[in-house]
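Participant: If you scroll down you'll find the structure; I have some questions about it.
Values in this text are rule-based calculations from the coordinates and carry no lab data. As the structure is a computational prediction, the values presented were derived from the model and not from experiment. Here the Cβ positions follow ideal geometry from the backbone for every residue, glycine too, while neighbour counts run over all protein chains shown.
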C-alpha cells in the first residue's frame with residue numbers, strides 16, 4: 001500500500017506499507033479522521049477493510065475485536 005499526504009503547510013509525504021490484498025484500489029481520506037482512528041487503537045497492527053472507492057473503510061486492531069472505526073473516503077475527481 002502506498003500512503004501519501006499533501007499539505008500546503010508541511011509539504012508532501014509518501015510511505016510504502018506491506019499489505020495482503022488481491023485488488024488494486026485508490027482511496028482518499030481526511031488525514032485527521034484517519035489519525036484519530038489509528039491513535040485510538042492500542043495495537044501495533046491494524047486490519048483495514050476496503051470494498052470500493054465510495055464505501056466506508058473499516059479499521060480494526062488485529063489483536064482484538066472491541067474497537068471498530070468507519071471512515072468515509074473523499075471523492076477523487
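Participant: Just to confirm the number: angle between the C-alpha axis of helix 31-40 and the first principal axis of the chain, 0 to 90 degrees, nearest 10?
Facilitator: 20
Participant: Right, another one. Pop the C-beta distance of residue 26 and residue 46 into the FRET formula with R0 = 22 Å and round what comes out to the nearest 0.05. Don't skip to the answer; put the middle values down first.
Facilitator: On the way: r = 19 Å, r/R0 = 0.88.
For R0 = 22 Å, the calculated efficiency reads 0.70.
Participant: Quick one, which of (i) 5.8; (ii) 6.7; (iii) 9.1 is the actual mean projected area of the Cα convex hull in nm² calculated for this model?
Facilitator: So the structure-derived entry is (i).
Participant: At a Förster radius of 25 Å, what calculated FRET efficiency corresponds to the Cβ-Cβ distance of residue 5 and residue 65, to the nearest 0.05?
Facilitator: Values: r = 29 Å, r/R0 = 1.16.
E(calc), rounded to 0.05, equals 0.30.
Participant: Restricting to DSSP H runs of at least four residues, report the calculated mean residue ellipticity at 222 nm for the chain, -39500 (n - 2.57) per run over all residues, nearest 500 deg cm²/dmol. Present the calculation step by step, with values, prior to reporting the outcome.
Facilitator: On the way: 1 runs with 10 residues, N = 77.
One gets -4000 deg cm²/dmol as the mean residue ellipticity at 222 nm.
Participant: By counting other Cβ atoms within 10 Å of each Cβ, how are 25, 17 ranked from fewest to most?
Facilitator: Values: 25 13, 17 8.
With the fewest neighbours first, 25, 17 line up as 17, 25.
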